[in-house]
Amino acid sequence: MFIQTEDTPNPETLKFIPGSVILKIGTADFSSKESTTDSPLASRLFEIEGVSRVFLANDFISVTKDPQLDWNNLKPLILTAIMEHYSTGLPAINETEDKQLDSSNDEDSETIKQIKDLLETRVRPAVAMDGGDITFCSFESGVVTLQMKGACAGCPSSTATLKMGIENMLRHYIPEV
């Protein structure tokens, strides 16, 4: 198995691309070992000292490390853990995991549907390229609340991404924002 790695804008996060589907639907963000009960892959990665966050997406895994540790020491351990996980045949997430997708429903207002559509078609693909994800939380009184996940959670440039990129785009296309 050949696993590619890519840097992300967050210097504490690397993106690992194993060349196979990790999650068929949605994403999963784990910020602690205790939160990985339904994910054999995330649980295995958290066994590595210095791993502080694991994010699983369709075709990549983002791993965030403690700031005081060096990627030269952690990267080989993470690559080995990913390869060992795939050799077991276990899923990345057990099928019992109840996935909540960020999809529109019939109760959403037209403005919320527009926001979700812009996020899905224009923002999420770009954020995924950087090893993360962004999900819609709410829209109230003209304010959109979003959640950054994976490499984007805690990234030094995430504030600029939100303020300069996403906020300006939403305001341009949706005057209510």
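The values are calculated or read from the model by the stated rules, or taken from the named source; none is laboratory data. Just so we're clear, the structure is a prediction, and the values are computed from it rather than from any experiment. Note that we place each Cβ from the backbone using ideal geometry, even for glycine, and neighbour counts take in every protein chain shown. Note: accessible area is taken over every heavy atom of the protein model, side chains too, but ligands, DNA and RNA are not part of it. Shrake-Rupley method; radii C 1.70, N 1.55, O 1.52, S 1.80 Å.
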Notebook entry, point to check: Restricted to segment 68-83, and to residues that are within 20 Å of the chain's Cα centre (by Cα) and β-branched (Val, Ile, Thr), which residue is surrounded by the most Cβ atoms within 10 Å (Cβ to Cβ)?
Noted result: ILE78
Notebook entry, point to check: Looking at (1) crowded, with 18+ Cβ neighbours inside 10 Å; (2) in a helix (DSSP H, G or I); (3) of a type outside the set (Gly, Ala, Ser), which is the only condition TYR86 fails?
Noted result: (1)
Checklist line | Residue that is modelled with the highest pLDDT [pool: residues in segment 89-112 that are among the β-branched types (Val, Ile, Thr) and assigned to a loop (DSSP other than H, G, I, E, B)] | finding: ILE93
Next item on the list: Please give the strands (runs of 3 or more DSSP E) falling wholly within segment 15-79 in which 1 or more residues are of a type in the set (S, T, N, Q) and closer than 28 Å to PRO125 by Cβ.
Entry: 51-56, 61-65
Margin query: Among the residues of segment 1-48, what is the count of those that are more than 19 Å from MET83 (Cα to Cα), open to solvent by less than 50 Å² (accessible area, probe 1.4 Å) and not polar (S, T, N, Q)?
Written below: 5
Note to self: So, in segment 49-67, exactly how many residues are touching a Phe, Trp or Tyr at 6+ places or on another chain (Cβ under 9 Å), open to solvent by less than 10 Å² (accessible area, probe 1.4 Å) and either over 19 Å from GLN4 (Cβ atoms) or among the aliphatic types (A, V, I, L, M) (or both)?
What the structure shows: 4
Notebook entry, point to check: Are any residues in segment 138-177 of a type outside the set (S, T, N, Q) and either open to solvent by less than 30 Å² (accessible area, probe 1.4 Å) or in contact with a Ser or Thr (Cβ under 6 Å, 6 or more places away or on another chain) (or both), and if so, which ones?
Noted result: GLY142, MET148, GLY150, ALA151, CYS152, ALA153, CYS155, ILE166, LEU170, ILE174, GLU176
Check: How many residues are open to solvent by less than 80 Å² (accessible area, probe 1.4 Å) and within 14 Å of VAL177 (Cα to Cα) if we restrict to segment 110-127?
Finding: 8
Next item on the list: Select from segment 113-146 the residues that are assigned to a loop (DSSP other than H, G, I, E, B) and touching a residue at least 12 places away in the same chain (Cβ under 8 Å) and write down the one among them that is farthest from the chain's Cα centre (by Cα).
Entry: GLY142
